[in-house]
1. Tell me whether segment 68-77 contains one or more residues that are open to solvent by 40 Å² or more (accessible area, probe 1.4 Å), farther than 15 Å from W145 by Cα and either in contact with a Phe, Trp or Tyr (Cβ under 9 Å, 6 or more places away or on another chain) or at pLDDT below 90 (or both).
2. In segment 44-56, which residues are outside any strand (DSSP E or B) and either open to solvent by less than 30 Å² (accessible area, probe 1.4 Å) or among the aromatic types (F, W, Y) (or both)?
3. If you scan segment 133-152, which residues turn out to be open to solvent by 30 Å² or more (accessible area, probe 1.4 Å) and touching a strand residue (DSSP E or B) at 6+ places or on another chain (Cβ under 7 Å)?
4. Please enumerate the residues belonging to segment 154-174 that are in a loop (DSSP other than H, G, I, E, B) and surrounded by fewer than 16 Cβ atoms within 10 Å (Cβ to Cβ).
5. From the residues in segment 71-103 that are touching a helix residue (DSSP H, G or I) at 6+ places or on another chain (Cβ under 9 Å) and assigned to a loop (DSSP other than H, G, I, E, B), which one is farthest from N155 (Cα to Cα)?
6. If only one of S59, S97 is open to solvent by 50 Å² or more (accessible area, probe 1.4 Å), more than 30 Å from M166 (Cβ to Cβ) and not charged (D, E, K, R), which one is it?
7. Need the failing condition index for W17 against (1) in a loop (DSSP other than H, G, I, E, B); (2) at pLDDT below 95, just the number.
8. So, of the residues in segment 78-89 that are surrounded by fewer than 16 Cβ atoms within 10 Å (Cβ to Cβ), touching a strand residue (DSSP E or B) at 6+ places or on another chain (Cβ under 7 Å) and of a type outside the set (A, V, I, L, M, F, W, C), which turns out to be nearest to T147 (Cα to Cα)?
Amino acid sequence: ERDDPRPRGVIGEQEYWSFPSFFSTVSNVDSNSVSSLACGHRVVSVANLDADNEKINISSSQGPTRDHREKPDVAAPGTNIVAANGFFGEGDTPWVSKTGTSMASPYVAGVVGLMLEAEPRLTSAQINGIIQRTSQPLSGATFDWATDAGFGVLNARACIDEAATMHVRTRIEP
């Protein structure tokens, strides 16, 4: 995973390490680059979708995990996302445009929040299952898991609709 610490040298008597937590187009590798936090069990791991170009952004992490689990789980818009500027001050603009999984993940978290509003009893396994099952493949891709896009692009409406019916039972008359 990309967060592996790397020794960088010694300053005085203290050894120092680098803990990389970002990718650039230069540092990206083709596989096993999902951050260690996104490799957790019962965690929804999100790929950065460039929605305008209908492809995964080149800087997005790719799976599988080192122990061969399928991560990322899903892709969501994360390229050139306009958001509130948290450091807004005099002379600054109240908006920023950023790219990365740090922009895609809140989108998925919001959908998960709406899923839980629709059905508060959902477990993390059910949430991830719904997200994966309702995802749509990118153009030219299949419904199979892909190293860069997971199970495809998040379908928010389908996730919420399925969550709402997760614990609904229908009696079938004989």
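The values are calculated or read from the model by the stated rules, or taken from the named source; none is laboratory data. Just so we're clear, the structure is a prediction, and the values are computed from it rather than from any experiment. FYI the Cβ positions are ideal-geometry reconstructions off the backbone, even for glycines, and counts take in every protein chain you see. We work out accessible area using only protein heavy atoms, side chains counted, and drop any ligands, DNA or RNA first. Shrake-Rupley method; radii C 1.70, N 1.55, O 1.52, S 1.80 Å.
1. Of all residues in segment 68-77, those open to solvent by 40 Å² or more (accessible area, probe 1.4 Å) come to 68-70.
Checking the rest, the ones that are also farther than 15 Å from W145 by Cα come to none.
Looking through segment 68-77, none of the residues is open to solvent by 40 Å² or more (accessible area, probe 1.4 Å), farther than 15 Å from W145 by Cα and either in contact with a Phe, Trp or Tyr (Cβ under 9 Å, 6 or more places away or on another chain) or at pLDDT below 90 (or both).
2. Looking only at segment 44-56, we keep the residues that are outside any strand (DSSP E or B), and these are 44-45, 51-54.
Of everything in segment 44-56, just one residue is outside any strand (DSSP E or B) and either open to solvent by less than 30 Å² (accessible area, probe 1.4 Å) or among the aromatic types (F, W, Y) (or both), namely S45.
3. As a first pass, look at segment 133-152 and keep what is open to solvent by 30 Å² or more (accessible area, probe 1.4 Å): 133, 136-148, 151.
Matches in segment 133-152: Q136, L138, D148, F151.
4. Let us first name the residues in segment 154-174 that are in a loop (DSSP other than H, G, I, E, B), namely 154-155, 165-174.
Of everything in segment 154-174, those that are in a loop (DSSP other than H, G, I, E, B) and surrounded by fewer than 16 Cβ atoms within 10 Å (Cβ to Cβ) turn out to be T165, H167, V168, R169, T170, R171, I172, E173, P174.
5. The qualifying residue farthest from N155 (Cα to Cα) is N80.
6. Working: S59 fails: open to solvent by 50 Å² or more (accessible area, probe 1.4 Å).
Of the residues listed, the single one that is open to solvent by 50 Å² or more (accessible area, probe 1.4 Å), more than 30 Å from M166 (Cβ to Cβ) and not charged (D, E, K, R) is S97.
7. The one condition W17 does not meet is (1).
8. Within segment 78-89, the subset surrounded by fewer than 16 Cβ atoms within 10 Å (Cβ to Cβ) is 80, 82-89.
Checking which are touching a strand residue (DSSP E or B) at 6+ places or on another chain (Cβ under 7 Å) leaves us with 80, 82-85.
Now restrict to residues that are of a type outside the set (A, V, I, L, M, F, W, C): 80, 85.
On the way: N80: 22, N85: 32 Å.
So the residue we want is N80.
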